[in-house]
1. Expressed as an acute angle from 0 to 90° and rounded to the nearest 10, what is the orientation of the C-alpha long axis of helix 49-75 relative to the principal long axis of the chain?
2. At a threshold of 8 angstrom on Cα-Cα distance, excluding pairs fewer than six apart, so keeping six or more, what relative contact order does the range 12-186 reach in percent?
3. How much length is gained on full extension from residue 150 to residue 127, taking 0.36 nm per residue of separation minus their Cα-Cα distance?
4. Build a GNM of the chain with springs between Cα atoms under 10 Å: which of 33, 94, 59 gets the top mean-square fluctuation?
5. For residue 82 and residue 180, calculate 0.36 nm times their separation in residues minus their Cα-Cα distance, and state this gained length in nm to one decimal.
6. Expressed as a whole number of Å, what is the distance separating the alpha-carbon centroids of the range 101-162 and the range 39-88?
7. Taking only the C-alpha atoms, wrap a convex hull around the range 46-91 and report its volume per residue in Å³ as a whole number.
8. Can you tell me the Rg and Dmax of the chain, counting just the alpha carbons, in angstroms?
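Just so it is clear, none of the values below were taken in a lab; they were calculated from the coordinates. Source: prediction; values computed, not measured.
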Ligand SMILES: [Fe+2]
Ligand SMILES: [Fe+2]
């Protein structure tokens, strides 16, 4: 027989599998933020100031993804774990390689979000499932963005003038993302 205490515990504490899946995701978002911060720093040191701004903004967005998860876990009776993250690279081979790595990383994050969604379905936790849908659509956008940027870079090839314009475009894109991001966080 289920005791009152057990029922109470079920209501006030988070399912352990869900908690662990969400804590894994917190770690991933945190390491994304550090990874893009390393890319921002590399771009800044290589005269690509527009790309650096884009990456700094992207790094902030990943931190916001992490914070949103931390708050969700704690509000739902779980315990969020603030993770340590591995040190990202200092050097990158080329700008094209940076965006290839970014896309590869986003694909891994998408996989990990899908597995959180999968655990939600297995555990019949529909409210966390609903919360995770925001991340599912965010991943679609980020993958499309990374693919678009990579296509542009491949088109430019080694052309210096093209690279100059590319970097200016990235600055505009960072400014637009900053504006949208501020509205997002207010919502
Ligand atoms: Fe993210
Ligand atoms: Fe991302």
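1. 0
2. Computed value for the range 12-186: 30 percent relative contact order.
3. Answer, rounded to one decimal: 4.7 nm.
4. It is 94.
5. 32.6 nm
6. 15
7. 57
8. Calculated on Cα positions, Rg and Dmax stand at 19.1, 74 Å.
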